[in-house]
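Below is one structure, written out as structure tokens; comments come after it.
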Amino acid sequence: MRREEGGEQQTRSVPMEEWVLRGSRVLMGNVSREELVFRKGRGSWLYTVEGNAYLDFLGGVAIHVLGHCHPKVTVAVQKQAQRLLHTSNLYYHQPQILLAEFLVRETFADRVFFANSGTEVVEAAIKLARRFGAATGRYDLLGLEGSFHGRTLGALSLTGQKKIREGIGPIPSGFSWAPYNDFEGVLSKITERTAAIFVEPVLGEGGVIPADPVFLKKLRTLTRDRQILLVFDEIQTGIGRTGSLFAYQDLDVVPDVLLSAKALGGGLPLGALLTTEELSAFLPPGSHGSTFGGNPLSCAAGLAVLEALYEEGYLPSGGARMSSVLWEELANLARRYPEWILSVRGRGMMIGLVLPGQAPEVKARFLEEKVLVNAASSEVIRILPPVNLSIEEIEFFIERADRVFASLGRPKGVGN
Ligand SMILES: Cc1ncc(COP(=O)(O)O)c(C=O)c1O
């Protein structure tokens, strides 16, 4: 979608700095925020309260797979908001049934449980896996090093990053981690008490590292042989981001449980646990629930996102259409700045630029150029653009990236 020239002329009476100051006085400081206040989003662009346009290559952290305010999603939300907002899950409602039917039709799954976020569906999967294992006295869950599964107690206990688990006292027992992409490492961590293994097909927060397909295949054989559940956390990789609806569909490995969230709700809070008929029996009536999970508004938005992805030809395959152009341009960029960009990795529109360090400084330079990217670690710049990116937007990004890397000089510790 084209950037709106000149941006918006409204709400200029209160300067952005004043909004930042007001926000900084009343909001908790648990996240570090940029000093930016956005008011409007369209396609790949965000507009500040002062009308300045930013190219959004982060998409609300892997939410806006079709960009901001896709017309189909906006209209679906408007219509649903006028019809029905909430019923509780004590009753059926149409948007939830339609969305579940869509997911079941397009995946291995027979059954869907809806929640409001990624971390909540991880919690649901932890419960399902432990209830599944309980029949044979198994409660242990294996995660992978570098993984991220969420911030609630169960999800952070599973997360393979020490910093996420620190500072809150004892963590529930029954969790361990094996190295990513290391089958022998996984084997050495499996015990007779292991009930499930949780895997991100591409490590997201852990630095955009794709899983080796051979590793995943071996995990599938191992888990099937030992009756261990294979859970794919596709909260970041799903909904067309890596090329298919879910990454597993390109990897020839079918999990037992799949977790989706982020882009699924098109900007509204929505998570989904997908599984088979047989495994769904491990969450019988009363064993789990959510007041808001899968409410009519979020499900109507989710259905609109999926329908738009299919109607516009990004799915079932073809989601990577623009990503091949972007990947080529990024490879050229890397050739121009070999001291800065050591490699480009990821899948589809989930991409990491691997740097020798200083990723936070590089991110800050991108911000000065009015481009939003993220430092997944000190070595990785992560970009998560929408699948409907235009050639002009790719050119804009590359032109700004050139400015960023040309202005930086040599990386610290390299030749100086
Ligand atoms: C792979 C993965 N799992 C789980 C989560 C947690 O999702 P949420 O922030 O919606 O709770 C995230 C969030 O970044 C994620 O990337």
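The values are calculated or read from the model by the stated rules, or taken from the named source; none is laboratory data. What you see is a predicted model; the values in this text were computed from it and never measured. Every residue, glycine as well, gets a Cβ built from its backbone with ideal geometry; the counts of neighbours run over all protein chains shown. The protein model used for the area step is the full one, side chains on, heavy atoms only, and it has no ligands, DNA or RNA in it. Shrake-Rupley method; radii C 1.70, N 1.55, O 1.52, S 1.80 Å.
Applying both filters, DSSP loop and at most 14 other Cβ atoms within 10 Å, to the chymotrypsin sites (Phe, Trp or Tyr not before Pro) of the range 25-106 gives Tyr91, Tyr92. Listed by chain and number, the aspartates and glutamates whose alpha-carbon sits under 12 Å from that of Lys363, ignoring those within fewer than 8 places in the same chain, are Glu34, Glu379. Qualifying GluC sites (Glu not before Pro) in the range 26-115, where qualification requires a DSSP coil assignment and no more than 12 other C-beta atoms within 10 Å, comprise Glu34, Glu35.
Between Arg226 and Asp110, the C-beta separation translates, for a Förster distance of 25 Å, into a calculated FRET efficiency of about 0.60. Which entries in the list Lys127/Lys218; Lys218/Lys262; Lys162/Lys218; Lys162/Lys412; Lys189/Lys217; Lys40/Lys72 go over 21 Å, if you measure between the two C-alpha atoms of each? Result: Lys127/Lys218; Lys218/Lys262; Lys162/Lys218; Lys162/Lys412 exceed 21 Å. Relative to its Kirkwood radius, the Cα radius of gyration of the chain gives an Rg/Rh of 0.97. Charging the Cβ of each Asp and Glu at -1 and of each Lys and Arg at +1, and nothing else, the dipole of the range 89-138 about its Cα centre rounds to 300 debye.
The Cβ shell under 14 Å around Ser24 holds other residues with a net charge of -1, Lys and Arg each +1, Asp and Glu each -1. For Ser317 and Glu192, the difference between the fully extended length at 0.36 nm per residue and the C-alpha to C-alpha distance is 41.0 nm. Which whole-number percent gives the relative contact order of the chain, counting Cα pairs below 8 Å spaced six or more residues apart? About 20 percent, as a whole number.
DSSP assigns beta bridges within the chain; of those with both partners inside it, close to 65 percent run antiparallel.
Dividing the Cα radius of gyration of the range 260-416 by its Kirkwood radius returns 1.09 for Rg/Rh. Each label point was placed 7 Å from the Cα along the Cα-to-Cβ direction; for Lys127 and Glu166 their separation is 3.2 nm.
Using a simple spin-label model with pseudo-atoms 7 Å out from Cα toward Cβ, Leu367 and Tyr91 lie 4.6 nm apart. Assuming charge only on the beta carbon of Lys and Arg (+1) and of Asp and Glu (-1), the dipole of the chain about its Cα centre is about 660 debye to the nearest 20. Which percent of the accessible area of the range 71-311 is formed by carbon and sulfur heavy atoms (probe 1.4 angstrom)? With neighbouring chains kept in place, the figure for the range 71-311 is 55 percent. Directionally averaged projected area (the range 170-215, Cα convex hull): 4.1 nm². When Glu234, Glu307 are compared by accessible surface with a 1.4 Å probe, the order from highest to lowest is Glu307, Glu234.
Using only side-chain charges placed at the Cβ, +1 for Lys and Arg and -1 for Asp and Glu, the dipole size of the range 320-416 relative to its Cα centre rounds to 300 debye. Modelled label positions at Ser32 and Ala331, each set 7 Å beyond Cα in the direction of Cβ, lie 3.5 nm from each other.
The largest accessible area among Asp56, Asp402 belongs to the first residue in Asp402, Asp56, and the rest follow in falling order (1.4 Å probe, all chains).
Extension gain, Leu84-Ile391: 0.36 nm per intervening residue step, less the Cα-Cα distance, totals 106.6 nm.
With all protein chains in place and a 1.4 Å probe, the accessible surface of the range 320-416 carries 52 percent carbon and sulfur. Running a GNM on the chain with Cα contacts under 10 Å, which residue among Leu98, Leu306, Leu187 ends up with the highest mean-square fluctuation? Looking only at Leu98, Leu306, Leu187, the biggest GNM fluctuation is shown by Leu187.
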